[in-house]
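So the structure is just underneath, and the comments pick up after that.
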């Protein structure tokens, strides 16, 4: 992959992270009793997480190939990993952001389940 392609993908990747951050902030400021808004947020966030998962998969392949080639070229595994971390910093960023995103999705899902159970108990 050439430098121009990586730069273009990185810009798109950053846009998706900005969108994810926007929806997470919206979750923190929304009315937690509004099931419709929570459903829309979970839909938006899970869609972005899916996209970021595909990006993480592509980056992981590039990262692993870099480690392999450096080790094959005589570098120690530790040095190869360190150099690959410098070349592909988005690996760490994606891992951390996506882990947080999945926790937010779990929280929203729990909140929606709570609202459903409250609605059912009121109707009974």
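Results, tabulated for the structure shown:
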| item | result |
| --- | --- |
| Extension gain (nm, one decimal) between residue 87 and residue 58, 0.36 nm per residue minus Cα-Cα | 9.0 nm |
| Computed label-point distance, nm, for sites residue 79 and residue 95 using a 7 Å Cα→Cβ extension | 2.2 nm |
| Fewest-first sequence of 83, 18 by Cβ atoms within 10 Å of each Cβ | 18, 83 |
| Angle in degrees between helix 90-123 and the longest Cα principal axis of the chain, rounded to the nearest 10 | 10 degrees |
| C-alpha long axis of helix 77-87 to longest principal axis of the chain, angle in ° | 70 degrees |
| Directionally averaged projected area (convex hull, Cα atoms, the chain), nm² | 9.1 nm² |
| Nearest 10 degrees, 0 to 90: helix 3-29 Cα axis against the chain principal axis | 20 degrees |
| Distance in nm between pseudo-label sites at residue 14 and residue 115 (7 Å out along the Cβ direction from Cα) | 3.4 nm |
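Values in this text are rule-based calculations from the coordinates and carry no lab data. Bear in mind that the values here come from a model prediction, so they are computed numbers and not experimental data. Reconstructed Cβ throughout: ideal geometry from the backbone, glycine too, with neighbour counts over all protein chains shown.
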